Amino acid sequence: MKKEFDFKKFMSNNAIIILIILLAVVTGCTTKNFFTITNFRNLVVNVAPRFIIACGVSGCLITKGTDLSAGRAVGLAACLSAMMLQSVDYAARMCPWMPDMPVIIAMLITMVIMGCFGAVNGVVISTLKVPPFIATLGMQTIIYGLCSLITNNQPMGGYKKSYLSVASGSVGPIPYLLLFAIAIGAYFWFLYNKTRHGKYMYAIGGNENAAQVAGVNVVASLVRIYILAGMMYGLAGFLVGAKAGGASTATGYGYELEAIAACTIGGVSANGGVGRVSGILVGVLVFEILKICLQFLGVDPAYTYIAQGLVIIVAVALDLRKYLAKK
């Protein structure tokens, strides 16, 4: 028998998304240049690195964990990329002894280094049984301290053109950043839906003890999830640095909260075992469209933070409501 459409439930589950769509329509009708190719391109460029960060965080959330170190990890990755990719003739070069580094090599080195931080998170959480909130909060502070030490709290710029073109370049009308986001989204979709790793991840999030009894290597799975998350922060930091044209210890501040909120809005349950890549993309789009709408409407930036905070609270509240209803 065909199940009847529950309009009330649909509105309740998608309240934030519907409100943001209405806000976008109102903004487009009351301001100039909102529905333009230029604004759409800006949206894509802003969404791409944040989507990559959210994909990294999603695996942690699906297994009933979290990663509060994501934002600071992005900042450190941006600073490491800056050190390797400043022009060799730049007067204020941070590491004048470093040879000219190919962009792709610098990107891979950054991802590997940040993957190592993720591995530490995974080991601490899975073997020492430290709650993810505490483990990643501690890592957040450690990474910020390391970033301050290696940069001496100095902002960096003077990037080579080949690095800057990663953010500004395009293949026809398609920005490179969008291609990165598409590639990562396709990879995570395949990983979550078509591999043993994905099945194990959802099993751990649903019931860790049952997954272990069924033969899932929980420790190895969690370590892999946090390593992958760290590598995504490394890639996102590399892209954020290219997009901003500079990096400092403040880069990436608060990105972890945006990523967690975007995942929650997109249906990744903080209670574990649920989440889709398409939902993550929707959640990131909601957050970015909210910010752009408020900018076009001339709202004070302080109110933008208030609105983002309210969205986070409502998203988590709705997620808990759905979880309790299922129970």
* Asked: Which of the peptides 71-78, 219-226 is most tightly packed, and how do the rest follow, judged by the mean count of other Cβ atoms within 10 Å per residue?
  -> 71-78, 219-226
* **Integer Hz, Karplus 6.51/-1.76/1.60 couplings in order for region 212-217, x for Gly and Pro** => 5, 5, 6, x, 6, 7
* Rounded to whole Hz, the Karplus (6.51, -1.76, 1.60) HN-Hα couplings of region 15-27, x for glycine and proline -> 4, 5, 4, 5, 5, 5, 4, 4, 5, 5, 5, 4, 4
* **At R0 = 22 Å, FRET efficiency that the Cβ-Cβ distance of Val88 and Cys116 yields, to 0.05** => 0.20
* To do: Return the long-range amide H neighbours of Tyr159 (sequence gap of 5 or more, or a different chain), with a cut-off of under 5 Å between placed amide H atoms.
  => Ser87
* Over region 48-254, relative contact order from alpha-carbon pairs under 8 Å, at least 6 apart, % -> 47
* Structure fact -> Under the Karplus relation with 6.51, -1.76 and 1.60 and θ = phi - 60°, whole-Hz ³J(HN,Hα) for region 219-236, x at Gly and Pro, equal 4, 4, 5, 5, 4, 4, 4, 6, 5, 4, 4, x, 5, 5, 5, x, 5, 4
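Show me 49-59, 232-242 ranked by packing, highest mean number of other Cβ atoms within 10 Å first.
So the peptides 49-59, 232-242, ranked by packing, come out 232-242, 49-59.
Using the eigenvalues of the Cα gyration tensor, what equivalent ellipsoid semi-axes result for region 1-74 when each is taken as the square root of five times the eigenvalue, whole Å, largest first?
Value: 27, 26, 10 Å, ordered largest first.
For the chain, what is the calculated [θ] at 222 nm in deg cm²/dmol (nearest 500), taking -39500 (n - 2.57) for each run of four or more DSSP H residues and dividing by its residue count?
-24500 deg cm²/dmol
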* Given the alpha-carbon gyration tensor of region 48-254, what are the semi-axes of its equivalent ellipsoid in whole angstrom, ordered largest first, with each equal to the square root of 5 times an eigenvalue? -> 32, 20, 12
* Non-local amide H neighbours of Ser170 (under 5 Å, H modeled in plane, Pro and chain starts lacking H): which ones? -> Tyr176
* To do: Go through 205-213, 37-45 and give me the packing order, highest mean Cβ count within 10 Å leading.
  => 205-213, 37-45
* Asked: Whose amide H sits under 5 Å from the amide H of Val274, counting only residues 5 or more places off or on another chain, with H placed in the peptide plane?
  -> Ser269
* Structure fact -> If the chain between Asn42 and Ser12 were fully extended at 0.36 nm per residue, the gain over the current Cα-Cα distance would be 7.8 nm
* Structure fact -> Of the residues Leu137, Tyr176, Ile20, the Cα lying farthest along the dipole of the chain towards its positive end, which is defined by charges on the beta carbon of Lys, Arg, Asp and Glu, belongs to Ile20
* Subtract the Cα-Cα distance of Leu137 and Ile313 from 0.36 nm times their separation in residues, and report this length gain in nm to one decimal. => 61.4 nm
* Among all lysine pairs in region 48-254 that are eight or more places apart or on different chains, how many have alpha carbons less than 19 angstrom apart? -> 4
* Once you list every other residue whose beta carbon is under 15 Å from the beta carbon of Ala247, what net charge do they have if Lys and Arg are +1 and Asp and Glu are -1? -> +4
* Would you mind pulling out the separation of the Cα centroids of region 207-265 and region 18-94, in Å? => 14
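Every read-out reported here was derived from the displayed coordinates using simple, explicitly stated rules and does not represent laboratory data. Bear in mind the structure is a predicted one, so any value in this text is a computation, not a measurement. Note that each Cβ is placed from the backbone with ideal geometry, even for glycine, and that neighbours are counted across all protein chains shown.
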